[in-house]
Ligand code: VGL
Ligand code: ZN
């Protein structure tokens, strides 16, 4: 398919900390960069998210006594996975992968700034109510369809795709432009959940 002028490519968290050698490395995360750069040439509207935490963020295991990374805790808004410290504002790990094309994006959305709430989705924080403003921005642009790519498939891409669809945008995930953390079968669960919500899957070679 050929994207329409009002289709959005939403690039999620392609940052050093989610690539090989990073603090919260997604296996082979950097492999999405070339695929995403090729896709960008086909979209008039591109938005990029950047995970952007203050030090001692409540999603970091190091902020909770005796808790290990990848364990879970209960926050006022529900269950939260605890992560290694990652994507700290201004750090090298928080920078976009150096090969990611970012010049043509009209919008960069930083998320995870509130110390008390994690934010996987490009649209809402993990309380599922505090908005990033992206939905309103896209409505003003007349966006109809959102094509999600990036890292990690089973966390930030998943939550972003679910919210995009729930906000009334026809939502696609371009599978080979994503990589998963895959904890306890979370990648397979994500595919099942997204499919159940009517989100469509494409391969990048279907976009031309
Ligand atoms: C992400 C865990 C913590 C992601 C961000 O980009 O998927 N995962 N922060
Ligand atoms: Zn994060």
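The values are calculated or read from the model by the stated rules, or taken from the named source; none is laboratory data. Bear in mind that the values here come from a model prediction, so they are computed numbers and not experimental data. FYI the Cβ positions are ideal-geometry reconstructions off the backbone, even for glycines, and counts take in every protein chain you see.
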Filter segment 109-142 for residues that are more than 13 Å from ligand 2 (Cβ to nearest atom) and more than 24 Å from residue 170 (Cβ to Cβ); the one that is surrounded by the most Cβ atoms within 10 Å (Cβ to Cβ) is 127
Conditions: (1) under 13 Å from the mean Cα position of the chain (by Cα); (2) within 16 Å of ligand 1 (Cβ to nearest atom). Residue 147 meets all but one. Number of the miss?
(2)
Cβ-Cβ under 7 Å pairs, at least 6 apart or on other chains, segment 33-55 side free of Cβ contacts under 8 Å to residues at least 60 places away in the same chain, far side assigned to a loop (DSSP other than H, G, I, E, B):
44/5
Of all residues in segment 39-50, count the ones that are touching a strand residue (DSSP E or B) at 6+ places or on another chain (Cβ under 6 Å) and either part of a strand (DSSP E or B) or farther than 15 Å from residue 102 by Cβ (or both).
6
Can you tell me which residue within segment 19-38, out of those that are under 20 Å from residue 105 (Cα atoms) and touching a strand residue (DSSP E or B) at 6+ places or on another chain (Cβ under 6 Å), is farthest from ligand 2 (Cβ to nearest atom)?
35
Lone qualifier among 89, 50 - being within 16 Å of the chain's Cα centre (by Cα) and within 16 Å of ligand 2 (Cβ to nearest atom)
50
Return the only residue of 71, 62, 106, 98 being within 15 Å of ligand 2 (Cβ to nearest atom) and at pLDDT 95 or above.
62
Residues located in segment 143-170, provided they are in contact with a helix residue (DSSP H, G or I) (Cβ under 6 Å, 6 or more places away or on another chain) and surrounded by fewer than 24 Cβ atoms within 10 Å (Cβ to Cβ)
167
Among the residues of segment 171-185, write down those that are closer than 22 Å to residue 87 by Cβ and buried (at least 21 other Cβ atoms within 10 Å of the Cβ).
173, 177, 178, 179, 180, 181
Can you tell me which residue among 133, 142 is more than 17 Å from the chain's Cα centre (by Cα) and on the phi > 0 side of the Ramachandran plot?
142
Taking residue 158 and the conditions (1) without any contact (Cβ under 8 Å) to a residue 40 or more places away in the chain; (2) within 14 Å of ligand 2 (Cβ to nearest atom); (3) not in a helix (DSSP H, G or I), which numbered condition does it fall short on, given that it satisfies the others?
(3)
